[in-house]
Amino acid sequence: MTRTINIWLIVALAAIALAGCSGDEPQTLAKPDPVHFESGDECHVCGMAITGFPGPKGQLFTEREQHTRKFCSTKDMFAWFLQPENVNRDHTLYVHNMAQTHWDHPDDTHLIDAREAFYVAGSNRTGAMGPTLASFETETEASDFAAEYGGQVLAFADITLDHLNAGMAMHGMDGMGEHEDMNADHSTAENHSGHLDH
Ligand code: CU1
Ligand code: ZN
């Protein structure tokens with residue numbers, strides 16, 4: 001007897017719970033918060049350790065599964081995101097706001113929504129993969145950076161694969177080696193572009 005009542009109680013509660021669920025808004029997952037870059041994290045594109053290199057980094061949460069992808073540089077984040085199978089997805093992306101943090105050691109408390117950010121392509125500051133996209137929260141911050149370091153200010157939606165190598169020619173001429181061993185520099189650059197092609 002009590003057993004029957006219990007079963008009906010459970011059925012009733014389940015029905016209420018289901019009604020509550022379907023009453024909610026459509027099945028949009030809450031936007032995930034940014035996470036820290038850890039010392040063991042490797043770039044999803046090139047496999048480099050992420051935290052040992054200068055310049056803004058990127059992280060991305062996939063649309064449905066919210067898998068985390070981390071990138072050594074904004075350049076590699078865009079190299080992945082701009083692929084045809086990714087570019088129209090509603091992935092959540094974060095980048096460092098370089099107006100608020102040190103270029104050589106970006107601090108994860110200054111990660112901002114990458115889709116709302118402004119970028120400078122082709123400046124003379126380099127990231128983990130050489131030329132990179134400097135990322136900022138406001139257009140003014142990006143313009144100030146471009147005035148100092150050169151390059152072109154772009155909104156997220158304006159960035160194409162062509163922008164990812166902007167500044168390469170400039171670096172080839174004067175940015176690459178500060179009287180260092182040019183052979184060592186050269187092989188490093190080759191390794192990186194080799195990884196990207198895979
Ligand atoms: Cu790399
Ligand atoms: Zn990378």
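Every number in this text was worked out from the coordinates using simple rules, so none of it is lab data. Computed from a predicted model, the values in this text were never measured in an experiment. Every residue, glycine as well, gets a Cβ built from its backbone with ideal geometry; the counts of neighbours run over all protein chains shown.
Taking every Cα-Cα distance in the stretch 84-149 and sorting them into 10 Å bins starting at zero, the pair-distance distribution P(r) comes out as 22, 51, 25, 3 percent.
One chain, two ends: Glu38 and Glu139. Fully extended at 0.36 nm per residue, the span grows by 33.4 nm beyond their Cα-Cα distance. When the alpha carbon gyration tensor of the stretch 59-108 is reduced to an equivalent ellipsoid, the three semi-axes, largest first, read 22, 12, 8 Å. Placing a pseudo-label 7 Å from each Cα along the Cα-to-Cβ vector at Ala30 and Ala157 gives an inter-label distance of 2.8 nm.
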